[in-house]
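Okay, so here's the structure we're looking at.
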Amino acid sequence: MEQKRSIYHRVTTIGILCVSLFAVLLHVGNFTVFTLPSIKFYAFHVMLGLVLVFLYYPLERSFPRSRAAVCRLCRIVDRLIIGFIITISLYVIINFESYSQDMQNNIISGKIFVFGLFLTIFVMEAARRVLGWVLPLIGIAAIIYALIGNRIPGLFGNRGYSLHRIVLALFSDRGIYGVPTGTSASNVYLFLMFAAYLNVSGADVIFQNIAISLAGKKRGGPAKISIIASAFFGTISGSCVANVVSTGAFTIPLMKRSGYSNATAGAVEAVASTGGQIMPPVMGAAAFILADIAGVSYASVCIAAIIPALMYYLCLFKMVDLEAVRYRIRGIENENVPALKHILAQSVKLAVPVAVLLILLLGFQTTPMKAAIYSTSAIIVCGLLDRADRLTFNKIIQGAVFAGKSLCSVLSACAASGIIVGIFSLTGLGLKFSNFIVQLGTNSLVLSLVLSMVVCAILGMGLPTTAAYIVCATAIAPALINLGIPILAAHLFLLYFACISAITPPVAVASYAAAGIAEENPMRVGFTAVKIGITGFILPFAFVFNTDYLVWQFNITMLVMIISAIVVCYSIAIFLQGYVEQKITILERIAYGIIAAVAITPNIVFSLIAAAMFMCLYWFRKLQVKSEHRI
């Protein structure tokens, strides 16, 4: 029995390796050597992603204590599913022209109905295995809504659709092969590959050492290490949970040993890791989908996200600094801090690829796909030239496997979201929801934004950021744009709250992951994370009402905006913590709250007045503490 299990796992491992390598060759080749028609390329992408899901997440994992016969049955089911997925995908690929004509003419044969129905089931099952029940249940609810919509009265009713008509919509470029899957195939996978090769080149260790070297000696050093390391790692991982698990395994115990409470240690890591999804240049998968849906370049998204992301981390940095003031938490010992010069020498092999990425994306306005390919090539070349830690052939293969494993969660989220988007398109539900919000917005824009925030937070509970953003962008973004909000600001508003849902109780996946490492109650970590990461809830409203935060222009407005951004971050942190260099009065805290509210407005005069008030209050208290120490 053990020998058969060993053979099965060996075959599975070989299968994963072959599929992962083919995925690299296909995606890189499609943007360098050849170009496949979009639907044909998406069919390949879905096939490879789903096959990897059913190899990495076998059905027998759902029955861990079952008998051998049940395990054998589960393996047979998985093999049949994989075979059927390959058959369906090859049908689309080989019969691409006839398939496309049938979709355009709304013709559904018996074969297309069966293939479309089973592919829909397999996509939802893949999402269940990788992401849990929430997204598949939303997909099922959407299909039921389309079936019985004629029985629903009022604004949200529809004419009701047959199962054949629904399957036709889902088995097309309006559903599973739609924009979410297209973005995953075109952009996201190549950046997953870029991140995977950074990791096999030792990026996580180097980022961690840079963070220790920069912030380790300062007061509250361990928490500041967590912020810097998570910001670095988050730019390449794009997953808050992966970020928490990777950096938190080191930083959370370090924070606890230095004097931070369990809840604070977990919350700092959760908030810092969540911010990685909004931190340029790579951000998360949702940012690529945002660029496609909003019709803007990915470079524009990155540029717009820079200042809000820096404000998010600056406020978090000040929050933990003041927490260290309150509890007199010092930095780590000098002998445990590596020399920055030595670490920077090691980081050259990572700095070059990142520089290549930025130059190609922002300087030459290259497509994200080619920028990712050339940057990944730079990683491999630099790794091969590094004598101290040379990139071996095994690591190159390992990079492809890591990219394939990362694809599982992204493809599951995107393909399952495509089902929901397809139903929204078929029934007009997205437009109806948008009209509902627009009607509310005629009385209050703030009320519409708050409602949008709540919807994003609810959808984000238990959903990955990518799926939460896609659903929100389909249902809510048109309404916000119709209310006069610029298209990029509207989509970034939704992206932020889709991200920040990862730390928002009651279901906060990043806070839960951090709580497990911190050995603390998840709800306590979640509520502490909301306090520490409060800027993430304020910033979206700020850049909706003051779009200067999303624009880079070298003039006096930009300078004032940067000053006001710093004032806002520091004032919010001081207002919440009640400390500068020592405990401050209630009146001072209220004053800092007022300063933050005034500084965040788009009025230049008000921003300068707020900055002057902040300087007077802040430096008065700093000088007072210095004079007391001298005495």
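A short reminder: the numbers here are calculations on the coordinates, not readings from a lab. What you see is a predicted model, and the numbers here were worked out from it, not measured in a lab. Using ideal geometry, Cβ is built from the backbone for each residue, glycine included, and neighbour counts are taken over all protein chains shown.
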Next item on the list: Enter the angle in degrees (range 0 to 90, nearest 10) between the Cα long axis of helix 285-294 and the first principal axis of the Cα atoms of the chain, meaning the one along which they spread out most.
Entry: 80 degrees
Margin query: Taking θ = phi - 60°, what integer Hz values does the Karplus form 6.51 cos²θ - 1.76 cosθ + 1.60 yield along region 350-359, in sequence order, with x for Gly and Pro?
Written below: 9, 5, 4, x, 5, 4, 4, 4, 5, 5
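Just to be sure I follow: if Rg is taken over the C-alpha atoms of region 439-498 and Rh is the Kirkwood radius over the same atoms, what is Rg/Rh? Before the final figure, lay out the partial values.
Numbers: Rg = 10.7 Å, Rh = 11.2 Å.
Ratio of gyration radius to Kirkwood radius for region 439-498: 0.95.
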Item checked: Residue among 574, 585, 598 farthest towards the positive dipole end of region 555-631, charges placed on Cβ -> 585
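What order do you get for 123-136, 392-405 when each peptide is scored by the mean count of other beta carbon atoms within 10 Å, highest first? Mind dumping the intermediate values first?
Numbers: 123-136: 21.4, 392-405: 18.1.
Put in order of decreasing packing, that is 123-136, 392-405.
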Check: Any idea what angle helix 429-441 forms with the longest principal axis of the chain, computed on alpha-carbon atoms, 0 to 90 degrees, nearest 10?
Finding: 30 degrees
Next item on the list: Would you please put 509-515, 289-295 in order of how densely packed they are, using the mean number of other Cβ atoms within 10 angstrom per residue and starting with the highest?
Entry: 509-515, 289-295
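Using only Cα atoms, what Kirkwood radius does region 555-631 have, in angstroms?
On the way: mean 1/r = 0.0786 Å⁻¹.
Radius from the Kirkwood sum: 12.7 Å.
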Next item on the list: Please give every one of the lysines within straight-line cross-link reach of residue 256, meaning a C-alpha to C-alpha distance under 26 Å, and leave out same-chain neighbours fewer than 8 residues apart.
Entry: 217, 218, 224, 318, 531, 583
Notebook entry, point to check: Looking only at Cα atoms, what is the convex hull volume of region 494-631 per residue, in Å³?
Noted result: 149 Å³
Check: For region 2-180, what value does the Rg/Rh ratio take when both radii are computed over Cα atoms and Rh is the Kirkwood radius, given to two decimals?
Finding: 1.02
Margin query: Could you sort the peptides 430-436, 555-561 by per-residue average Cβ neighbour count (10 Å cutoff), highest mean leading?
Written below: 430-436, 555-561
Next item on the list: Among 480, 354, 21, flag the residue with its Cα farthest along the positive direction of the charge dipole of the chain, charges on Cβ as +1 for Lys/Arg and -1 for Asp/Glu.
Entry: 21
Notebook entry, point to check: What's the angle, to the nearest 10 degrees (0 to 90), between helix 556-577's Cα axis and the longest principal axis of the chain?
Noted result: 80 degrees
Notebook entry, point to check: For region 555-631, with only Lys/Arg (+1) and Asp/Glu (-1) charged at the beta-carbon, what is the dipole magnitude about the Cα centre, in debye rounded to 20?
Noted result: 180 debye
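What is the order of 72, 151, fewest Cβ neighbours within 10 Å to most?
Listing 72, 151 from fewest to most nearby Cβ atoms yields 151, 72.
Let me have the relative contact order for region 2-180, percent, based on Cα pairs under 8 Å that are six or more residues apart. Working shown, then result.
Details: 123 pairs, mean separation 34.1, N = 179.
Computed over region 2-180, the figure is 19 percent.
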Next item on the list: Give me the number: length gained by fully extending residue 541 to residue 393, i.e. 0.36 nm times residue separation minus the C-alpha to C-alpha distance, one decimal in nm.
Entry: 48.4 nm
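Taking every pair of alpha-carbon atoms in the chain, give the share separated by more than 42 Å as a whole percent.
On the way: 50663 of 198765 pairs.
Here the tail beyond 42 Å accounts for 25 percent of pairs.
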Checklist line | Selection from 64, 363, 394, by position along the positive dipole direction of the chain (Cβ) | finding: 64
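Would you tally the net charge around residue 421, using a Cβ to Cβ cut-off of less than 13 Å, leaving residue 421 out, and scoring K and R as +1, D and E as -1?
Details: positive: 174; negative: 173, 292.
Local charge sum for residue 421: -1.
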Margin query: Placing unit charges on C-beta atoms (Lys and Arg positive, Asp and Glu negative, everything else neutral), compute the dipole magnitude of the chain about its Cα centre in debye, rounded to 20.
Written below: 1080 debye
Next item on the list: Per residue of region 172-182, in order, report the coupling 6.51 cos²θ - 1.76 cosθ + 1.60 (Karplus, θ = phi - 60°) as ³J(HN,Hα) in whole Hz, putting x for Gly and Pro.
Entry: 8, 6, 9, x, 4, 9, x, 4, x, 5, x
Notebook entry, point to check: Around residue 579, which amide H atoms from residues at least 5 apart in sequence, or from another chain, sit under 5 Å from its own amide H, with H modelled in the peptide plane?
Noted result: 584
Check: Counting each DSSP H run of 4 or more residues in the chain as -39500 (n - 2.57), what helix-only mean residue ellipticity at 222 nm follows after dividing by all residues, to the nearest 500 deg cm²/dmol?
Finding: -25000 deg cm²/dmol
Margin query: Regarding region 1-71, what's the average projected area of the Cα-atom convex hull, expressed in nm²?
Written below: 5.6 nm²
Margin query: Cross-link candidates for residue 395: which lysines have Cα within less than 25 Å, leaving aside residues fewer than 8 places away along the same chain?
Written below: 349, 370, 405
Check: What order do you get for 24, 11 when you list them from fewest to most C-beta neighbours inside 10 Å?
Finding: 11, 24
Next item on the list: Return the aspartates and glutamates within reach of residue 626: Cα separation strictly under 18 angstrom, same-chain partners fewer than 8 residues apart disregarded; answer none if there are no such residues.
Entry: 321, 581
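How would you rank 465, 35, 251, going from fewest to most other Cβ atoms within 10 Å of each one's own Cβ?
Working: 465 27, 35 10, 251 30.
So the ranking, lowest neighbour count to highest, is 35, 465, 251.
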